[in-house]
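Each remark here refers to the structure printed beneath this line.
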Protein chains: 2
Amino acid sequence: MDSPVQSVAIFGVGLIGGSFALALRKAGFSGQIIGVSSPETIHRARELNVIDVSATLAEAAESADLIYLSQPILRIIECLPELDPLVRPEALVTDAGSTKSAIMERAAATLKRCQFLGGHPMAGRERRGVEAAEADLFRGRPYVLTPRTPAELETPRAREFADWIRKIGAVTLAFDAQEHDRVVAYTSHLPQLVATALAATLDGRPEPQSGIFGPALTDSTRLALSSFDIWGDILATNPGPILDALRDYIATLEDFRAGIDPDRMRPQFERAQRLANSVRGSS
Amino acid sequence: MDSPVQSVAIFGVGLIGGSFALALRKAGFSGQIIGVSSPETIHRARELNVIDVSATLAEAAESADLIYLSQPILRIIECLPELDPLVRPEALVTDAGSTKSAIMERAAATLKRCQFLGGHPMAGRERRGVEAAEADLFRGRPYVLTPRTPAELETPRAREFADWIRKIGAVTLAFDAQEHDRVVAYTSHLPQLVATALAATLDGRPEPQSGIFGPALTDSTRLALSSFDIWGDILATNPGPILDALRDYIATLEDFRAGIDPDRMRPQFERAQRLANSVRGSS
């Protein structure tokens with residue numbers, strides 16, 4: 001077996017990358033944590049003791065045992081072929097992108113000199129950036145891994161990485177990348193578009209400007225604060241499943257619109273309550 | 001001028017009615033607070049010191065200076081003609097129903113022996129019932145009043161009631177009942193149906209059962225926990241504006257579905273962010 005991971009390079013030290021660094025340290029990782037990010041982010045990450053040192057992409061790729069790609073999705077895709085000539089053959093490259101198929105395809109085509117294992121931590125906060133990073137962000141949350149074959153989870157580096165994920169408090173789940181993308185289209189991308197569409201529908205209308213609204217409006221537009229800088233890449237790399245989810249959601253709304261009488265709507269509210277309870281872990 | 005309100009009767013001592021009672025007391029009301037509710041609710045309300053005494057509808061209607069109707073909407077509508085032969089002519093009857101046109105019409109037709117002033121406190125919680133009542137529920141929230149004419153706000157009892165609303169920390173707004181219903185169709189009823197439709201769409205599907213979801217799904221299905229026992233009356237008494245709001249929302253979603261490319265979606269996310277910031281009081 002290879003020696004344990006001595007150095008981790010975080011590419012993109014934002015909310016996720018910064019939180020992963022803090023979580024590793026809290027879980028007892030004693031090696032070096034290298035940050036690869038913009039100069040301003042590196043400055044803040046050093047101030048906040050999120051990373052030990054900064055490096056260029058090439059320096060980090062040449063020295064790290066574990067390369068953690070937590071940039072926006074299209075930057076991850078762009079980065080993979082740049083890494084290939086630089087990485088150590090015994091290194092593991094992983095990522096934290098919110099969609100997996102496009103990244104997995106690109107990695108298969110361009111990153112040949114070391115193992116790549118796709119990942120998606122199902123954690124987030126409204127706030128972005130390294131300032132919002134926290135060591136407990138992943139605690140109790142699912143952390144999806146998308147190996148191409150089950151054997152890819154059994155390499156020494158992959159087992160060590162999965163051990164660290166468990167040590168930081170997350171729950172590992174292995175999924176096929178396309179299956180992952182189809183699931184998150186419904187469980188993550190659809191909720192985002194539902195909130196964005198609600199807020200976009202109300203923007204410029206007179207009703208919200210009247211001031212007559214309660215906490216429900218604030219709550220249901222919280223996700224609409226999300227930036228297109230993140231979501232543009234998600235939409236671009238998962239269009240098919242997202243359009244399927246939109247179609248199914250619109251069908252439900254059209255059913256409402258066909259008649260909001262009790263006979264039709266009570267069962268809809270009951271189905272909705274059942275789902276809302278089930279995602280809260282209650283019956 | 002009449003003497004100040006000495007006794008308040010709360011009809012329906014649930015979250016809103018119970019909170020109004022607690023808020024009045026906290027704000028310095030020293031008169032009697034009478035509860036009219038089911039025996040179980042009265043028992044809990046007495047235990048929790050939310051009300052001073054219980055009474056039958058007739059007893060309360062005959063003795064109270066202020067009658068506060070906080071039952072479900074259809075029960076309020078049913079109750080108004082029952083009150084008419086009983087009320088003291090100097091009393092004020094008000095209500096806390098979430099839709100106003102149907103209640104105002106019914107009051108105009110059936111409650112002739114004293115003043116009626118419609119109201120809608122824009123406050124709420126996930127939890128229902130007198131156990132969830134709290135004195136600060138209305139603090140900082142809009143409290144809409146729907147007089148038929150501006151003069152209805154200037155009667156001694158109406159001015160005294162509006163003073164109490166301000167003393168409990170709420171912000172009074174006067175609106176035409178139909179205008180109120182049109183506004184809340186967009187700012188309150190649409191957000192509810194958006195969440196109910198999302199949860200109903202996902203119920204029974206395999207994706208949420210995979211466990212691959214983050215806090216966004218939990219957040220965006222919180223409103224879907226709401227009971228049809230409340231919402232059935234709202235849908236039944238505001239169908240026109242609600243169907244208009246559904247139509248406009250579906251149009252936005254169809255626009256998304258026509259193409260989720262950046263040229264179309266970036267402006268939608270920017271509009272949504274603007275609205276989400278504006279309802280939070282930030283620019």
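Below, the figures for the structure above:
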{"read-out": "Cα-centre dipole for the stretch B:179-278 with unit charges at Cβ (Lys and Arg positive, Asp and Glu negative), debye to 20", "value": "220 debye"}
{"read-out": "Other copies of B:Asp176: label-to-label distances in nm, shortest first, labels 7 Å along the beta-carbon direction", "value": "5.9"}
{"read-out": "Inter-copy spacing of B:Glu82 label points, which lie 7 Å from Cα along Cα→Cβ, given in nm from shortest upward", "value": "7.3"}
{"read-out": "Per-residue average of Cβ from other chains inside 10 Å of A:235-245", "value": "3"}
{"read-out": "Sum of -39500 (n - 2.57) over DSSP H runs of 4+, divided by residues of the protein assembly as shown (222 nm, nearest 500)", "value": "-14500 deg cm²/dmol"}
{"read-out": "Ellipsoid semi-axes in whole angstrom, largest first, where each is sqrt(5λ) of the Cα gyration tensor of the stretch B:179-278", "value": "24, 21, 13"}
{"read-out": "Charge dipole (debye, nearest 20) of the stretch B:1-66; +1 at Cβ of Lys and Arg, -1 at Cβ of Asp and Glu", "value": "300 debye"}
{"read-out": "Chain B - percent relative contact order, Cα under 8 Å, separation 6 or more", "value": "17 percent"}
{"read-out": "Distances in nm from A:Arg139 to the matching label points in the other copies, shortest first (labels 7 Å along Cα to Cβ)", "value": "2.9"}
{"read-out": "Cα-based radius of gyration of the stretch A:7-175 once divided by 2.2 N^0.38 Å, which approximates compact folds", "value": "0.92"}
{"read-out": "Area projected by the alpha carbon convex hull of the protein assembly as shown, averaged over all directions, nm²", "value": "27.6 nm²"}
{"read-out": "From the C-alpha gyration tensor of the stretch B:151-222, square roots of 5λ in Å", "value": "42, 15, 7"}
{"read-out": "Residues A:Val183, A:Val171 arranged by fewest to most Cβ contacts within 10 Å", "value": "A:Val171, A:Val183"}
{"read-out": "Dimensionless Rg ratio for chain B, taking C-alpha atoms and the 2.2 N^0.38 Å reference", "value": "1.11"}
{"read-out": "Order of A:Leu57, A:Leu66 - criterion: other Cβ atoms within 10 Å of each residue's Cβ, fewest first", "value": "A:Leu57, A:Leu66"}
{"read-out": "Exposure proxy order (Cβ contacts within 10 Å, fewest to most) of B:Val87, B:Val194", "value": "B:Val87, B:Val194"}
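Bear in mind these aren't lab numbers, they're just calculated from the coordinates by the rules spelled out. The shown structure was predicted, so the numbers you read here are calculated from the model rather than taken from an experiment. Please note: Cβ atoms are built from the backbone with ideal geometry, for glycine as well, and neighbour counts cover all protein chains shown.
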